[in-house]
Amino acid sequence: MLTIEGLKKGYEGNEILKGISIDVNKGDVISIIGPSGSGKTTLLRTITTLEAADGGHITFAGVDKDFEKLNGKDINTIRRNVGFVFQNYNLFNNKTALQNITEGLIVARKVKKSEAEKIALDALERVGLSDRKNHYPSQLSGGQQQRVGIARAIALNPEVIFFDEPTSALDPELVGEVLKVMQDLANSGTTMVVVTHQMSFARDVSNRVIFMADGHIVEQGDPKKIFENPSEERTKKFLTDILANV
Amino acid sequence: MLTIEGLKKGYEGNEILKGISIDVNKGDVISIIGPSGSGKTTLLRTITTLEAADGGHITFAGVDKDFEKLNGKDINTIRRNVGFVFQNYNLFNNKTALQNITEGLIVARKVKKSEAEKIALDALERVGLSDRKNHYPSQLSGGQQQRVGIARAIALNPEVIFFDEPTSALDPELVGEVLKVMQDLANSGTTMVVVTHQMSFARDVSNRVIFMADGHIVEQGDPKKIFENPSEERTKKFLTDILANV
Amino acid sequence: MSLNTDFMVKVAQTAIQGVPVTLQIVLVALLISLPIGVLFALIRIYRIKGLELIVKFYVSLVRGTPIIAQILIVYSAFPSLLNMMIGKAAFSINPIYYAYIVFTLNSIATLTEVFRSALQTVDKGQMEAGLMVGMQPRQAFWRIILPQALISALPNIANATLYLIKNSSLAFIMSVKDITAIAKTEAAFNYNFLEAYLVVWVYYLIICYGAEIIFNLLERYFSKYRRSAKRTTGFNWNPFSIKQPKLVVKTDLAESERTNNAHN
Amino acid sequence: MDNIKLIINFLGQLLPAINITLIVSLSSIILGSLLGLLLAAAKMSESVVLRVLARVYVSVIRATPSIIMIFVVYYGMPMLFNNWFHTNIDGWNRMYFVIIALTVLFSAPASELFRSAHESISKGQMEAGLMVGMTPFQTFYRIILPQAFVVALPNFANSVVNLLKEGALTFTIGVVDMVAKAQMIVANNSGGYAWQTYCALALIYWVISLAVDKGVSLVEKSYQAKRKTIAV
Amino acid sequence: GLGSNKSASSNKAASSDKPKVIKVAYATTNFPITYQNDKKQGDGYDVAIMREIDKQLPQYKFDYVGTSDDDVLIGVKSGKYQVGVKNIFYTADRAKTYLFPKNYFGVSDSGFVVRTKDKDKFGGLAKLAKNKGKLVPIAPQNGQYAVIADYNKKNDPKIDLGSADTFVVSDALKWVNEGRYDAFFAIRPMFEALVEKKNGANADLKDKLTYVTLGGIKTYPLFNKDQKEFAAAYDKAIKKIINSGKASELSEKYFGQDNFKLLDQPFK
Ligand SMILES: Nc1ncnc2c1ncn2[C@@H]1O[C@H](COP(=O)(O)OP(=O)(O)OP(=O)(O)O)[C@@H](O)[C@H]1O
Ligand SMILES: Nc1ncnc2c1ncn2[C@@H]1O[C@H](COP(=O)(O)OP(=O)(O)OP(=O)(O)O)[C@@H](O)[C@H]1O
Ligand SMILES: [Mg+2]
Ligand SMILES: [Mg+2]
């Protein structure tokens, strides 16, 4: 359904992604784990065309092209079929929590306003924020903003949703709730690619784990296998460190 | 050393902090835990005078006054004796990683430039970012920014450091490293107040845990006691949820 | 109708003496009004009691009234008043000082608004971070806030400066001989105003372009911390582009994190 | 006392000319802003040609004194129309020439102030819009513009007030707005009562500028909750 | 050439029955020579004379356009207007750029406003030059500027001639009274309207200031270079008007005296 081959991306001569290939099938829930600065955010951003790739090929939603050759129409197609939860939330500053969600529905998906509001309220309900629906982002706590960001993406119900550390600002109690929402999504067949530091999610919810380090995919596969029997040294070290810090 | 009594704070009639009292002794490492939106950030911000309190009393660094009566000099005194790690980093956008740290040392502490740079490099080293010292915040990943923020606060070596979710953007591997840094600080007698979702830190490093919910301190005390034998229903529920999501 | 080119050469030669005059007026006005503009902007932003009203009043009055009316007061009435106090010496003041006063007063009003808007583009968290590393608000302002505000202020300061360069020709009412004045005087003998204005235009083009370059360099300097390639997807104007647009945002996460992490 | 009577009298003579001032200013502000928006867009576009064209245009126009601009339009345009389209526009109402000249003059600084306002908005806002499926234009219009608008407002007010005062330009080709009217009143009084006349003129402009300021404050106030500025 | 208007400037159509339209540009701020009256029509001595000429020339029809000094000059030069009036004096330099007719159509009573007590010291070009008096700066577009410049070319000592853009006349009167300047180059009707009239704007200066006539200066309408035929027609017409006494009559009407008589006296 979504296939990336040989994706490359650098900043000012500094190569961040050194040829990444990923295959995402319908219904997949893929966790991407890896140390800070390893290029996880950059990967999501280049796939969703927010960042121009230096090389690589994408097959998705009818587009089957090298990244450099994508034209405006392709890019539109790709963007219309993905959802994105930003690491730093990126809520619309001039819209309330509710409007942040309805905006995309009404403008991009042409949903009727009343309908959109129902969907949005439902999404807010799911992340436990119905009572903040009329707050502006500047009036929300970090965790509240993050949850609005999640609600905004899932309300659109796109082909694939990319999550960039969707629970980083949440307390463990909420992490549980949000993960439950994501599990529901997974169960209902939504395809998801999730950058996460939450090992419980990687292990229990996702059906594939990708471990990235230094711009490469070091190892990927079944969560059980990765967590219990990693084949690479680098992965082992990463996991050992994690266990020490739960 | 730092005593807060009956601290109150609201936004537009919405009461967020409903009378908080805290006692911090020299060398204390206090963890504040609690659900999202419960007022943890607001608490740190009012104590450090970034936000004006609606009521309450503070005793710290020679200042012994009601919050409303603090004058410019008192506020200065308080600010000069605290460090702050922001939930959203708040790095100086127009300064490199290194300059972000030297800035306070040179300007506020009147440290010589060469000296300041040595201290800053040392702090960057501790959070594993020596190689990014000349990057601007806009060129750093989320986790890298967060670590610069931590380095900036500890380089100042203040009386008390307030941390607002200092490891939220870090992968578990790094969490371990950063927590080690904080443990070192604790061992060397630095007083710390840490809002955290990292239960391992609360349990293993801190000598007191404060559980906040709905603008109140629900329970506080020895970590062992709180985690193993909480007396309040609310705390119990919070901890149960956590355990389900590690 | 043909242009009298000999005359244009002659005007070009004499009008060049007006260049330093124009530059002087512009520089003096800018140098004085920039710091005052910042100060006034701060007074408005922080709503300092009493002063805020005065600044508001000042800005609306000076910005709102025609310069010619201000010249009337400064150049005509003020010296008469001075005459009563210090006697005839009041009349031997070089009129360029009156020009300095008029244009400085005007620039202050404009720049107050420029800085007020620019300073508000900087996130509050930047100031708070400064305070929390122990800086005085004043220090945090100069070292952290202002450099960031300048990015959005500079294009508007450039606007104001170019406006000032052109409008400084009004100083001729006060008998100050800037570029325009000299050219007009030359043209008076033979009524070749068209040629004179064309020459003046060339001078203004050169001066303004010079100013623009300086402001562009400054803007680039102060925005160096932002991402180098920051072409946005906002306007790719497909139909107009000569090359196939790379419809890709070259911005990065961190650039956006910068302002968006406004909270707590 | 006499003075006040005179000022009131002059107010009465000047006010009818406010029509011209307002018609001319409002049309050129609206047209100039639209042109300015296009220019700002061109400046930030991917196309090198557009960028260079916009830069040159803005540089030249910003450097052109208003009196020269009006002459270029008033004398140059009919010539162009004559040579290119073989139409004679000499007979146009002179107000049209004024509006065209002012529109061009206004568009250049406007494009710069729009650009700076636009760039002060975090890029993440655009990205978020794209990622919920809006087109760049929709995101610009619904998300960026409202935020940039507030940033641009004080500078926009500066430009607007400057434009309102461009009476010298109108008068140069004999269109009688308030400034021109004031000059003519003074002239017809053999140069007497200049004080009182200009006082009346300044009063009218001051009121207009106060109204502009009020508008700006209202918008800013309504926006205060949505942003976290260094303001307290 | 730039904006040249073929239909109006071609030289032959004079015989046809349809009168040729001539655009007459007049400056609107030269009361009482050229200005706009309450009915928003062109008025003043120069305009009135042009109306008389229009009557004499059935083959032309005059269309009056009120505008600024600058535009009169540039418009006539470019051919947008065929003729312009704004109290214009003749200089050789100007005759290179514009077409001056042979015959003048008016006389301007020019003089100095000086302090009454200093009348003998500054009341004349030579006196002012000799006593190093300070003259209020003159707008270079104004014909008076050329008069002084001309004097300076031919005489010694010279007058200190400063220039400044058009300024407010009543302030200049005050300046002379206060001693900021010693003389102000002006025309009689202005002085009469402001100082000598009972409720003039500067009536308070009545005893303190005096107007000293320097003499009369011939004034001309300014033609576009291509308007030779029209200028010739004008020359014939204006002779008739002056000889018939109509011009003197208009001078009385607008200036309160017959300025043509001044031409008999020498210029002081
Ligand atoms: N504009 C830029 N210029 C130079 N280097 C950059 C730029 N943007 C990102 N980088 C670098 O690219 C690397 C990858 O960044 P990225 O944000 O993808 O990391 P990440 O895996 O998401 O990390 P984290 O978990 O901390 O968010 C980092 O080392 C960062 O410093
Ligand atoms: N400016 C404001 N106006 C109105 N309400 C606000 C404002 N700032 C914060 N709040 C509200 O105050 C409450 C406490 O916010 P705070 O940021 O202190 O929470 P927190 O405990 O730090 O949460 P988190 O763990 O999500 O960061 C939240 O419910 C938030 O919506
Ligand atoms: Mg990241
Ligand atoms: Mg918080």
Cα coordinate range in region A:128-225, projected on the principal axes (Å, largest first): 44, 29, 24
Packing rank of A:102-115, E:64-77, where each peptide gets the mean count of other beta carbons within 10 Å, highest leading: E:64-77, A:102-115
Contact order normalised by residue count of chain A, Cα under 8 Å, 6+ apart, percent: 25 percent
J(HN,Hα) series, region C:95-108, from Karplus relation 6.51 cos²θ - 1.76 cosθ + 1.60, nearest Hz, glycine and proline x: x, 4, 5, 5, 4, 3, 4, 4, 6, 5, 4, 5, 5, 4
Estimated FRET transfer efficiency when R0 is 35 angstrom, pair E:ASP160-E:ALA92 (beta carbons, to 0.05): 0.90
Teacher prompt: A:GLY13 distances to equivalent labels in other copies, 7 Å Cα→Cβ, nm: 6.1
Nearest-20 debye value, region D:2-231 charge dipole, Cβ charges on Lys, Arg, Asp, Glu: 500 debye
Estimated FRET transfer efficiency when R0 is 51 angstrom, pair C:ARG138-E:SER244 (beta carbons, to 0.05): 0.05
Centre separation in Å (Cα based) which lies between region E:212-251 and region E:118-176: 27 Å
Over 23 Å between alpha carbons, listed pairs A:LYS18/B:LYS95; A:LYS95/A:LYS118; E:LYS18/E:LYS39: A:LYS18/B:LYS95; E:LYS18/E:LYS39
Inter-chain Cβ neighbour average for residues D:153-164, partner chain, 10 Å: 6
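Listed highest first by mean packing, meaning other Cβ atoms within 10 Å per residue, what order do C:152-160, E:169-177, B:8-16, A:17-25 come in? Walk me through the numbers before you get to the answer.
On the way: C:152-160: 26.6, E:169-177: 22.6, B:8-16: 13.4, A:17-25: 17.3.
Peptide ranking by packing, descending: C:152-160, E:169-177, A:17-25, B:8-16.
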Förster radius 51 Å - calculated FRET efficiency between B:THR3 and D:ILE8, Cβ distance, rounded to 0.05: 0.15
Pseudo-label separations to other copies for B:GLU228 - Cα-to-Cβ vector, 7 Å, nm: 3.1
Scattering curve values for region D:2-231, log₁₀ I(q)/I(0), Debye with Cα scatterers, q = 0.08, 0.10 Å⁻¹: -0.39, -0.59
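With the Cα gyration tensor of the protein assembly as shown in hand, convert its eigenvalues to equivalent ellipsoid semi-axes via √(5λ) and list them largest first in whole Å. All intermediate terms of the calculation are to be shown ahead of the outcome.
Values: eigenvalues 1110, 230, 112 Å².
Sorted largest first and rounded, they come to 75, 34, 24 Å.
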Rg/Rh ratio calculated on Cα atoms of chain E (Kirkwood radius): 0.99
Averaged over E:131-141, number of beta-carbon atoms from partner chains that fall within 10 Å: 3
Backbone HN-Hα couplings from phi across region E:126-136 [Karplus 6.51/-1.76/1.60, Hz, Gly and Pro as x]: 5, 4, 4, 5, 5, 8, 6, x, 9, 9, 4
Solvent exposure of chain C as accessible area per residue, Å², 1.4 Å probe: 37 Å²
10 Å Cβ neighbours from other chains, averaged over peptide C:170-178: 4
Net charge dipole size for chain B [Lys, Arg +1 and Asp, Glu -1 on Cβ; Debye, nearest 20]: 720 debye
Across the identical copies, how the B:LYS110 labels are spaced - nm, sorted shortest first, 7 Å along Cα→Cβ: 7.0
Unit charges on C-beta of K, R, D, E only; dipole of the protein assembly as shown, Debye: 4020 debye
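Can you give the calculated 222 nm mean residue ellipticity of the protein assembly as shown, where each DSSP H run of n ≥ 4 adds -39,500 (n - 2.57) and the sum is split over every residue, rounded to the nearest 500 deg cm²/dmol? Show your work: numbers first, answer last.
Numbers: 53 runs with 628 residues, N = 1256.
Helix-only estimate at 222 nm: -15500 deg cm²/dmol.
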Set of lysines with alpha-carbon distance to A:LYS180 below 19 Å, sequence-local pairs under 8 removed: B:LYS237
Charge-dipole axis of region C:60-163 as Lys and Arg at +1 and Asp and Glu at -1 on Cβ define it, positive-most pick from C:LEU131, C:LEU146, C:ILE86: C:ILE86
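Pairs D:LYS5/E:LYS132; E:LYS80/E:LYS240; B:LYS9/D:LYS228; D:LYS5/E:LYS40; A:LYS8/C:LYS224: which are spaced more than 30 Å apart, C-alpha to C-alpha?
Beyond 30 Å: D:LYS5/E:LYS132.
So if I average 1/r over every pair of distinct C-alpha atoms in chain A and take the inverse, what Kirkwood radius in Å does that give? Please list the in-between numbers first.
Working: mean 1/r = 0.0538 Å⁻¹.
Evaluated on chain A, it is 18.6 Å.
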Virtual spin-label span in nm between A:ASP131 and B:GLU125, 7 Å along Cα→Cβ: 5.0 nm
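The values are calculated or read from the model by the stated rules, or taken from the named source; none is laboratory data. As the structure is a prediction and not an experimental result, all values here were calculated from the model. Backbone-built Cβ (ideal geometry, glycine too); neighbour counts: all protein chains shown. Heads up: the accessible areas ignore ligands, DNA and RNA and are worked out on the full protein's heavy atoms, side chains in. Shrake-Rupley method; radii C 1.70, N 1.55, O 1.52, S 1.80 Å.
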